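Colleague: Attaching a single structure in structure tokens format; questions to follow.
The values are calculated or read from the model by the stated rules, or taken from the named source; none is laboratory data. All of these numbers come straight from a predicted model, not from anything done at the bench. Glycine gets a Cβ as well: all are built from the backbone with ideal geometry, and neighbour counts include every protein chain shown. Heads up: the accessible areas ignore ligands, DNA and RNA and are worked out on the full protein's heavy atoms, side chains in. Shrake-Rupley method; radii C 1.70, N 1.55, O 1.52, S 1.80 Å.
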Amino acid sequence: MNNLIDSDKNDEEIIEEKLYLLDLINESEMKVNALKEKDWKTLLDIDLKEEENSMYPIENEIKKRDGYYTSTWPNLFTRETRYKMNKWMAERNIQPVFRYDFISWMTIYDIAFQDEIIEEIVKIRIVKYDSSGISFLNHVSQYIFGIVGAIFFLFLFGDIVTKEGYGKYGPIHFLKTMPIHRGKILISKLITILLVSMITLLIITIFSLLLGTVFDRFGDLDYPVLIYGENYTHQLIEMSSFLIQSVLLFLMVLLFCFSLLFLFSMLTKTILPALGLTIVTVYIGITFSENAIKSSFSSLNPFHYFTVPKIITNELAASINNFDFSFTRGLLVFFISSLILFSLTYLLDYFSIRHFKKNRL
Amino acid sequence: MIIHIENLKKRYKKEWVLKGININVDTPQIIALVGPNGSGKTTLLNCMTNLLSINEGKVQLVGKNHNDPSIFKEVSYHQDNRILYGHLTGYDHLKFICNVQKIPLKAIDPVCERVGINYLKKQVRYYSLGMKQHLLLAMAIINQPKLLLLDEPLNGLDPTSAITMRNILLDLYAEGTTILISSHNLDEIDRLTNTIFFMKDGSILEESLLDLNNRHYEVLVSDWNKAKQILNEKGIAFSVTNQNQIAFSENDLNLQTFIHLMNDNEIIIEDIDKKKIGAEKRYQELFEGIGST
């Protein structure tokens, strides 16, 4: 240890430095033991204490509300949210997703870095992996709950209308000669397709949880998820709430996509053109909407809500500073848009514009 | 009124495919729709059941507007077999109808027995054409409809099945069901009914109540030109077939009188063919010009 101490220092300084290094060693030993014993509370408490006893104690900084507006990593928002997340996990003895140290966390407000090396290190370390079931499910949902998932489900169940033979002879004509209202037939198809999608999502969920549980552990349903708020505020919600909200919003994305597909199915009567038109419309909708995201009515545009996780965490809202974008508004916008599309489909069906080919008289 | 169709018109783009159809049926009967392909028979049935929108006119079935889905509690439409779900079994189809129509499931067995179905547990995709037709018939009659519309129900049926279907239809008629059947099988039509609507180019060309007791003769004579001249002089209605036979109806000319006329003029009668005036004969007269002078 003596080698570590500068020889020019006086005795008092040397003692102080020795004590500091001893503290550091003790702390490291405590961390190692806590890690070995899976004592997450102790592990996180050490980290929290460090933050509280730092040169700029976090509680003081929060009180001053100074530093939120800097865009240099780590700004106060980043420090505060990391501190709160660790506190949340310590209180509940939740295993953090490693790495969890201060250079493994950044938020959308961290735009600039002191230097390139720090930027590189932080950007590598914020990519965190955990093989627990819940964490794996979270990763899967990040990929599925967006345009990729929507297209996947469109391909999986997209022929529910056209395979019935709209426009040609097909089972739809059997249903139409039953004492059932036509709107009811369409609604039941929409409900069926959503139910089948829900079952598929449930299977994916169970599979992800099983896979994680078998190879590691189930994970923590109350793991914290950061939700951005207005004026650099935030809140933490449990992973279970986050996943439930994601599923709900994604189901609304599917409702919208299937309503669009129903409309195109009614117009084209065949699966491939209907599917192609739906995907192209969604793609064009998302692309063109990005250019108009700052317009006054952009929060009423359903194409903005396709990145489900970013909507739930308010990441989109915070990044453009428009908190009209929210989970509830997303649900509402998708519901109303789907209702409009569905009504159009019903009207088309009602007037039977091109039901049969002329050569079948 | 079981069927009330008033000036029904249907147009595809600029072409009128139904040009003012009028049909009124107020008592149970069997009616046949006969006409060449493209005459509008299926379109008429689809318009009646609101599978196709109509451009003009009025359609009422069993006293209700045709776009009221509740008519299908009393009206059944036996359509093309492509309406069946291939992945479902026959039982699934019948069960679905029972559930929708609120018919007890115990109605399935008697109907299947009546139609002759014993393959209910098989998926429809493995059915033959005839099996599908049987299932369609079972589906159409399970709700004991007041009005049964059938579009080419005899397609793909072997003679035994055709006889079974005919008997079922006659039984249903006897039980008070009105049947409107579109078919190309004119022999079967003759066995079912003498009320025939002949359709051509979207119109009802003739509403025939064929007198099946009226005999029709086709006679091969030694000199048909001379025979033709004699009959013309007497003002008797007749026609000449493409085999140069003299054809006439018993209503117009008694057979004995004809034989005497020929004998008196030294014309030898070589063969006499006695026929009924049926749907086929009338169809030939209307659409193929056979038998006309």
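Colleague: If Rh is defined by the Kirkwood formula over all Cα pairs and Rg also comes from Cα, what ratio Rg/Rh do you get for chain B? Each step should come with its number before you reach the end.
Modeller: Numbers: Rg = 22.9 Å, Rh = 21.3 Å.
Rounded to two decimals, Rg/Rh equals 1.08.
Colleague: Now for a different question. Modelling each spin label as a point 7 Å along the Cα-to-Cβ direction, I'd like the A:GLU52/B:LYS226 distance in nm, to one decimal.
Modeller: Between A:GLU52 and B:LYS226, the simple spin-label model gives 13.5 nm.
Colleague: Something else: Could you compute how much accessible surface B:ILE272 exposes when probed at 1.4 Å, giving the result in Å² to the nearest 10?
Modeller: Rounded to the nearest 10, that gives 70 Å².
Colleague: I've got another one for you. For chain A, what does the helix formula give at 222 nm: sum of -39500 (n - 2.57) over DSSP H segments with n ≥ 4, over the residue count, nearest 500 deg cm²/dmol?
Modeller: Values: 14 runs with 219 residues, N = 361.
After summing the helix terms and dividing by residue count, I get -20000 deg cm²/dmol.
Colleague: Can you list the lysines whose alpha carbon sits under 17 Å from that of A:LYS31, skipping same-chain ones fewer than 8 residues off?
Modeller: The qualifying lysines are A:LYS41, A:LYS49, A:LYS87.
Colleague: At 1.4 Å probe size, with no ligands or nucleic acids counted, give the accessible surface of A:SER188 in Å², nearest ten.
Modeller: The accessible area of A:SER188 comes to roughly 60 Å².
Colleague: Compute the long axis of helix A:116-125 from its Cα atoms, compare it with the longest principal axis of the Cα atoms of chain A, and write down the angle in degrees, 0 to 90, nearest 10.
Modeller: Roughly 60 degrees between the two axes.
Colleague: Send over the semi-axes of the protein assembly as shown's equivalent ellipsoid, whole angstrom and largest first, taken as the square roots of 5 times the C-alpha gyration tensor eigenvalues.
Modeller: Details: eigenvalues 1465, 113, 68 Å².
Whole-Å semi-axes of the equivalent ellipsoid: 86, 24, 18.
Colleague: Only Cα pairs under 8 Å and at least 6 apart count here; give the relative contact order of chain B as a rounded whole percent. The partial results should precede the final answer.
Modeller: Numbers: 536 pairs, mean separation 57.2, N = 293.
After rounding, I find 20 percent.
Colleague: Can you tell me which of B:GLY176, B:GLY235, B:GLY57 moves the most in a GNM of chain B? Springs connect C-alpha atoms under 10 Å apart.
Modeller: Between B:GLY176, B:GLY235, B:GLY57, it is B:GLY235 that shows the largest mean-square fluctuation.
Colleague: Counting Lys +1, Arg +1, Asp -1, Glu -1, what net charge surrounds B:LEU8 among other residues with beta carbon under 12 Å of its beta carbon? Walk me through the numbers before you get to the answer.
Modeller: On the way: positive: B:LYS9, B:LYS10, B:ARG11, B:LYS19, B:LYS58; negative: B:GLU6, B:GLU56.
Within the 12 Å Cβ shell, the charges total +3.
Colleague: So for chain A, averaging the separation of alpha carbon pairs under 8 Å that are six or more residues apart and normalising by length, what relative contact order in percent results? Kindly include the intermediate steps, with their values, before the conclusion.
Modeller: On the way: 405 pairs, mean separation 56.8, N = 361.
16 percent.
Colleague: Which distance in nm do the two modelled labels at A:GLN142 and A:PHE218 give, with both placed 7 Å along the Cα-to-Cβ direction?
Modeller: Going from the A:GLN142 label point to the A:PHE218 one covers 2.4 nm.
Colleague: From the gyration tensor of the Cα coordinates in region A:181-314, what semi-axes in whole Å does the equivalent ellipsoid have, largest first, with each one equal to sqrt(5λ)?
Modeller: Working: eigenvalues 188, 113, 33 Å².
Over the Cα atoms of region A:181-314, the semi-axes work out to 31, 24, 13 Å.
Colleague: Probe radius 1.4 Å, ligands and nucleic acids left out: which of B:LEU220, B:LEU52, A:LEU209 has the largest accessible area, and how do the rest follow?
Modeller: Details: B:LEU220 60, B:LEU52 5, A:LEU209 35 Å².
Of B:LEU220, B:LEU52, A:LEU209, the descending order of accessible area is B:LEU220, A:LEU209, B:LEU52.
Colleague: Another one. Which residues does the label zone of B:LEU129 cover in region B:136-168, counting backbone N under 15 Å from a point 7 Å along Cα→Cβ?
Modeller: B:152-162, by backbone N distance to the label point.
Colleague: Let me ask something else about it. Roughly how far apart, in whole Å, are the Cα centres of region A:133-150 and region A:251-265?
Modeller: Comparing the Cα centres of region A:133-150 and region A:251-265, I get a distance of 20 Å.
Colleague: What do you get for the angle between helix A:133-144 and the principal long axis of chain A? Use alpha-carbon atoms, 0 to 90 degrees, nearest ten.
Modeller: The angle comes out near 50 degrees.
Colleague: Can you classify region B:212-274 as rounded, prolate or oblate using the Cα gyration tensor, where a ≥ b ≥ c are the square roots of its eigenvalues, rounded means a/c under 1.5, and otherwise it's prolate if a/b beats b/c and oblate if not?
Modeller: Cα axes put region B:212-274 in the rounded bin.
Colleague: Also, I was wondering about something else. Distance cut-off 29 Å, Cα to Cα: go down the list B:LYS226/B:LYS275; A:LYS269/B:LYS146; A:LYS176/B:LYS281 and report the pairs above it.
Modeller: Working: B:LYS226/B:LYS275 23 Å; A:LYS269/B:LYS146 33 Å; A:LYS176/B:LYS281 37 Å.
Exceeds cut-off: A:LYS269/B:LYS146; A:LYS176/B:LYS281.
Colleague: What does the helix-only formula give at 222 nm for chain B: each DSSP H stretch with n ≥ 4 adding -39500 (n - 2.57), the total divided by the residues, and the result rounded to the nearest 500 deg cm²/dmol?
Modeller: Numbers: 9 runs with 90 residues, N = 293.
Value at 222 nm, helices only: -9000 deg cm²/dmol.
Colleague: In what order, largest first, do B:ASP252, A:ASP47 sit by accessible area if the probe radius is 1.4 Å? It would help to have the intermediate numbers written out before the result.
Modeller: On the way: B:ASP252 85, A:ASP47 10 Å².
Largest to smallest exposure gives the sequence B:ASP252, A:ASP47.
Colleague: While we're on this one: Just checking the output field for B:75-81: average partner chain Cβ neighbours within 10 Å of each residue's Cβ? If you can, show how the numbers build up before the last one.
Modeller: Values: counts 2, 2, 5, 1, 5, 7, 1.
Average neighbour count from other chains, rounded to a whole number: 3.
Colleague: Which loop-located trypsin sites (Lys or Arg not before Pro) does region B:2-107 contain, where loop means any DSSP state but H, G, I, E or B and the Cβ has at most 12 other Cβ atoms within 10 Å?
Modeller: Numbers: sites: B:LYS9, B:LYS10, B:ARG11, B:LYS13, B:LYS14, B:LYS19, B:LYS41, B:LYS58, B:LYS64, B:LYS73, B:ARG82, B:LYS95, B:LYS102, B:LYS106; in loops: B:LYS13, B:LYS14, B:LYS102.
Here the sparse-neighbourhood loop sites are B:LYS13, B:LYS14, B:LYS102.
Colleague: A further question follows. Count the lysine pairs in region B:4-87 whose Cα atoms lie under 19 Å apart, taking only pairs 8 or more positions apart in sequence or on different chains.
Modeller: Lysine pairs satisfying the spacing and distance rule in region B:4-87 number 12.
Colleague: Tell me which residues come under 5 Å, amide H to amide H, from B:LEU150 once H is placed; ignore anything under 5 positions away on its chain.
Modeller: Hits under the 5 Å cutoff: B:HIS78, B:LEU180, B:ILE181, B:SER182.
Colleague: Also, quick follow-up: What are the residues whose amide H is under 5 Å from the amide H of B:MET199, where those residues sit 5 or more places off or on another chain and H is modelled from the backbone?
Modeller: Under 5 Å from the amide H of B:MET199: B:VAL34, B:GLY35, B:LEU205.
Colleague: Per residue of region A:299-316, in order, report the coupling 6.51 cos²θ - 1.76 cosθ + 1.60 (Karplus, θ = phi - 60°) as ³J(HN,Hα) in whole Hz, putting x for Gly and Pro.
Modeller: 6, 9, 8, x, 5, 6, 9, 6, 8, 3, x, 5, 6, 5, 7, 6, 5, 5
Colleague: Using only Cα atoms, figure out Rg for chain A and give it as a multiple of 2.2 N^0.38 Å.
Modeller: Details: Rg = 27.2 Å, N = 361, 2.2 N^0.38 = 20.6 Å.
That works out to 1.32 for chain A.
Colleague: Which of these, A:MET266, A:MET239, A:MET30, has the largest mean-square fluctuation under a Gaussian network model of chain A (Cα springs below 10 Å)?
Modeller: So, out of A:MET266, A:MET239, A:MET30, the one fluctuating most is A:MET30.
Colleague: Another question about this same structure. With every protein chain left in place and a probe of 1.4 Å, what is the accessible surface of A:PHE136, to the nearest 10 Å²?
Modeller: Solvent-accessible area, nearest 10 Å²: 70 Å².
Colleague: Right, something else. Rounded to the nearest 10 degrees, what's the angle between the helix A:239-268 long axis and the longest principal axis of chain A, both from Cα atoms, 0 to 90?
Modeller: In chain A, helix A:239-268 runs at an angle near 30 degrees to the longest axis.
Colleague: Here's another thing I want to ask about it. In percent, what relative contact order does region A:38-125 have, based on Cα pairs under 8 Å that are 6 or more apart in sequence? Before the final figure, lay out the partial values.
Modeller: Details: 89 pairs, mean separation 30.1, N = 88.
34 percent.
Colleague: Once amide H atoms are built 1.01 Å from N in the peptide plane, which residues 5 or more positions from A:TYR68, or in another chain, come under 5 Å H to H?
Modeller: Hits under the 5 Å cutoff: A:LEU76.
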